[in-house]
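Scroll down for the structure; my scribbles are underneath it.
The values are calculated or read from the model by the stated rules, or taken from the named source; none is laboratory data. Keep in mind that what you see is a predicted model, and the values were worked out from it rather than measured. Don't worry about glycine lacking a Cβ; one is built from the backbone with ideal geometry, like all the others, and counts go over all protein chains shown.
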Amino acid sequence: MNWKELSKCHRHLTGPTKESLGDKPRQGVAGIRFPAAVPIKSLYSLPQALVGIKKWTDPDVISERNILLGPDDKKALEMAKDMQQQLVDIYKLGFLLIKAKERAAFQNRSFFVGNGVELIPEEEITSDEESDEEEEPDRIFVY
């Protein structure tokens with residue numbers, strides 16, 4: 001899959017016409033938008049370039065890349081954590097919409113019917129200051 005095809009899939013939230021190794025995708029995937037698809041876009045440019053929405057030559061992408069790969073580790077980590085937190089917040093806001101759209105599309109065959117999948121309550125997510133456990137370095141987790 002080339003950049004143009006990948007970009008189109010992310011822009012239109014549709015399945016690819018071929019899998020990563022060039023294999024034919026499962027039936028009903030190619031060019032089809034999943035009924036519960038909700039865009040989760042970062043305001044940062046680098047994540048948009050990673051999924052083909054922005055070009056790698058975009059000045060904002062280059063600027064963010066230079067920060068992340070630059071000599072100031074503190075600034076790079078701060079930007080990475082900000083990117084992560086923004087995407088987590090967007091996901092949490094969009095989750096109820098995703099769930100509602102998926103239930104409307106699939107009704108009693110919905111993934112959410114009877115399996116108890118819900119968002120992790122805020123009080124169960126501890127911040128770095130509150131946690132007694134030692135976090136693995138250089139890893140970013142999405143809850």
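Is it true that Glu78 is outside the structural domain of Trp3 (by TED's automatic domain parsing), crowded, with 16+ Cβ neighbours inside 10 Å and assigned to a helix (DSSP H, G or I)?
Answer is no for this residue.
For the stretch 8-66, what are the residues that are without any contact (Cβ under 8 Å) to a residue 12 or more places away in the chain and in contact with an Asp or Glu (Cβ under 8 Å, 6 or more places away or on another chain)?
Matches in the stretch 8-66: Pro25, Lys54.
Select from the stretch 89-106 the residues that are among the basic types (Lys, Arg) and either closer than 8 Å to Ala36 by Cα or loosely packed, with under 15 Cβ neighbours inside 10 Å (or both) and list them in ascending order.
Across the stretch 89-106, the qualifying residues are Lys92, Lys99, Lys101.
Does any residue of the stretch 34-43 turn out to be surrounded by fewer than 16 Cβ atoms within 10 Å (Cβ to Cβ), modelled with pLDDT of 80 or more, part of a helix (DSSP H, G or I) and not assigned by TED's automatic domain parsing to the domain that holds His10?
Checked against the condition, which is being surrounded by fewer than 16 Cβ atoms within 10 Å (Cβ to Cβ), modelled with pLDDT of 80 or more, part of a helix (DSSP H, G or I) and not assigned by TED's automatic domain parsing to the domain that holds His10, the stretch 34-43 yields no hits at all.
Between residues in the stretch 87-113 that are in contact (Cβ under 8 Å) with a residue 60 or more places away in the chain and within 23 Å of Tyr44 (Cα to Cα) and residues that are among the small types (Gly, Ala, Ser) and not in a helix (DSSP H, G or I), which pairs lie under 8 Å by C-beta distance while being six or more apart or on different chains?
Final answer for the pair search is Ile98/Ala36.
Can you name the condition, by its number, that Asp60 falls short on among (1) under 29 Å from Trp3 (Cα atoms); (2) at pLDDT below 80; (3) surrounded by 10 or more Cβ atoms within 10 Å (Cβ to Cβ)?
Result: Asp60 passes all but (2).
Among Ala80, Ala76, Ala36, which is the only one that is among the small types (Gly, Ala, Ser) and touching a Lys or Arg at 6+ places or on another chain (Cβ under 7 Å)?
Result of the check over Ala80, Ala76, Ala36: Ala36.
Please go through the stretch 5-25 and pick out each residue that is of a type outside the set (D, E, K, R) and over 14 Å from Lys41 (Cα atoms).
The answer is Leu6, Thr14, Gly15, Pro16, Thr17, Ser20, Leu21, Gly22, Pro25.
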